[in-house]
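Comments concern the structure below.
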Amino acid sequence: MKPIDLDHILTTLGADAWSANERSRARVAGGVAVIVYDGHTRDQGTPYIEHPLATVTLLRTEIGVSHPETLLLALLHDALEVAPESEALLVQHLGGPFTTCLRAMTADHRLEQRPKAIGDETRWRAKQAALPPEDLLVRLADRVHNLRDLAASPSPERRDRFMKSLADFHLPLAATVRRLSPHLNAMYGLLHAEYGRQQQEVRP
């Protein structure tokens, strides 16, 4: 399989339609993404960068998101999860405010590079619920792609965990915020449909 390069990332972002300054920023973000995700794989063995790119595609083609900064957040939304040590690199190339957004979108135990402990899940849910609308939109898109990707995961426990989290937290949260924007409303519909599809797949 051909490695994912910067041109592929820029095409996925739709950066050709952006302003000159936005295209320049996209090139920087794409280069950082290649560095940060390099060598990391998903639990099904695929290159990790395929997941954030799929999240970008979902936002662009299924939800209609065109705002460059939102799509760049989607591209790098897992950067601090898979490589917490990349924070200085992110600040250097994309700025403090952008990196602060990524920190807010990342679970504390990931940032602190430690095993998940009692209370972390509650804090992580509160952290997600406090995200501004566009950042939350990225997190919900991440959830949709993770659900679609469950069939390729070798871990049945991962599927059970994701479905429980969806029912207990993400769907109610998406329902609460759906009136904040047309994009969040569309994301709620997508998340709800994916939940129904996943339920159907496990029925005898």
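The values are calculated or read from the model by the stated rules, or taken from the named source; none is laboratory data. Computed from a predicted structure; not experimentally measured. Surface areas here come from the heavy atoms of the whole protein model, side chains and all, with no ligands, DNA or RNA. Shrake-Rupley method; radii C 1.70, N 1.55, O 1.52, S 1.80 Å.
Here are a few things to note about the model shown:
- Cα centroid separation - segment 39-85 against segment 143-165, whole Å: 17
- Distant-in-sequence amide H partners of T41 (H built 1.01 Å from N, under 5 Å): Y48
- Exposure of R139 as accessible area (Å², to 10), given a probe of 1.4 Å and all protein chains: 10
- Karplus-based coupling profile of segment 73-82, in residue order and whole Hz: 4, 5, 4, 10, 4, 9, 4, 7, 6, 7, with θ = phi - 60° in 6.51 cos²θ - 1.76 cosθ + 1.60 and x standing for Gly or Pro.
- Calculated Cα extents along the principal axes in Å (choose from [x] 58, 49, 37; [y] 53, 50, 29; [z] 50, 37, 37), label: [z]
- Whole-percent carbon and sulfur share, accessible surface of the chain, 1.4 Å: 55
- Over the chain: helical MRE at 222 nm, DSSP H runs n ≥ 4 each giving -39500 (n - 2.57), nearest 500: -19000 deg cm²/dmol
- Taking θ as phi - 60° and the Karplus parameters 6.51, -1.76 and 1.60, the scalar couplings of segment 7-21 work out to 4, 5, 5, 5, 5, 4, 5, x, 5, 4, 8, 8, 5, 4, 5 Hz in sequence order, x denoting glycine and proline.
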